[in-house]
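The values are calculated or read from the model by the stated rules, or taken from the named source; none is laboratory data. Remember, predicted model here, so these are calculated numbers, not experimental data. Every residue, glycine as well, gets a Cβ built from its backbone with ideal geometry; the counts of neighbours run over all protein chains shown. When the accessible area is computed, the model is the full protein with side chains, heavy atoms only, and any ligands, DNA or RNA have been set aside. Shrake-Rupley method; radii C 1.70, N 1.55, O 1.52, S 1.80 Å.
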Amino acid sequence: MQKLKGQSKSLFVNLNPALLLLLIFPFSSCDKDPTSDPEKLISYLAKPSLAMYGDSIVASWPLEEQLSDFNSVKFAFPGIDTNKILTSVQNDTNHYNACLYEGGINDFLGNYSPTQSQVDATINRQIQSIQILLTRCEHVVALNLWNIQFPWPTLAVAMITSEMKEQITFVPRIDTELLIQDDMLTDGNHPNKNGYYILSKAVREQLQPFFPILYLNE
């Protein structure tokens, strides 16, 4: 293994600078740029790619700090609903080692009496998005919704979580309501740093068996 590592380092050191730039360029859309240090560059390129789709939960996720074992990219914006998340998934045609899907709360902002048909429509959009991700991601993980507090749409979230458990069984799903407690939320919905740490740990544990390189950083 040590000999192989040395050969890899030698290969990158002796590459033509222009060719090295071409190798780096496809990764430039990730959250952090590769370094010019050959040894660190090898480590960077060896990391699995992780694309995360969702709303403000994903948008505020401190990936560089808590999921640094991945080359991560976010497709997430505050306030977007599952219609816009689906569009984001449809518009991204890149392939990734792993993908994560999250979303649903914003479909029901201010709606404290959701109908079953409204919840079903949200679940259908979630399923559509995840099915698309399965065509271009080696591994897909879904987050269900945790218990939130008023004035957030608590009933809708409970109904969505229940339906996700029934219908989204074709990919691994992290049951976040078992992980996120009230003291891990900043406003009754969004996680604080400890909440994100718990989520990051769950995501890493879910994906780690598929990427042996993740074990090297333990």
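A Förster radius of 22 Å, combined with the Cβ-Cβ distance separating TYR112 from GLU166, puts the computed FRET efficiency at roughly 0.45. Across segment 91-107, rounded Karplus estimates of 3J(HN,Hα) from the backbone phi angles (6.51 cos²θ - 1.76 cosθ + 1.60, θ = phi - 60°) give 7, 8, 10, 6, 10, 9, 5, 8, 9, 10, 10, 8, x, x, 4, 5, 5 Hz, Gly and Pro being marked x.
Rounded, prolate or oblate, given the Cα gyration tensor of segment 46-211, with a/c below 1.5 counting as rounded? Cα axes put segment 46-211 in the oblate bin. Accessible surface computed residue by residue for segment 46-211, with neighbouring protein chains in place and a 1.4 Å probe, gives 42 Å² per residue. Ranked by the mean number of other Cβ atoms within 10 Å of their residues, highest first, the peptides 196-204, 156-164, 130-138 fall in the order 156-164, 196-204, 130-138.
Rounded, prolate or oblate: which one fits segment 140-218, using the alpha carbon gyration tensor with axes a ≥ b ≥ c (rounded when a/c is under 1.5, else prolate when a/b beats b/c, else oblate)?
It comes out oblate by the Cα gyration axes.
Taking the protein heavy atoms of segment 46-211 in the context of the full set of protein chains, the accessible area attributed to carbon and sulfur is 50 percent at 1.4 Å.
Of the peptides 52-59, 90-97, the ranking by mean beta-carbon count within 10 Å, highest at the top, reads 52-59, 90-97.
Here the calculated FRET efficiency for SER60 and ASP183, from their Cβ-Cβ distance with R0 = 22 Å, stands at 0.80, rounded to the nearest 0.05. Placing dummy labels 7 Å off each Cα toward the beta-carbon, the span from ASP120 to THR154 is 2.7 nm.
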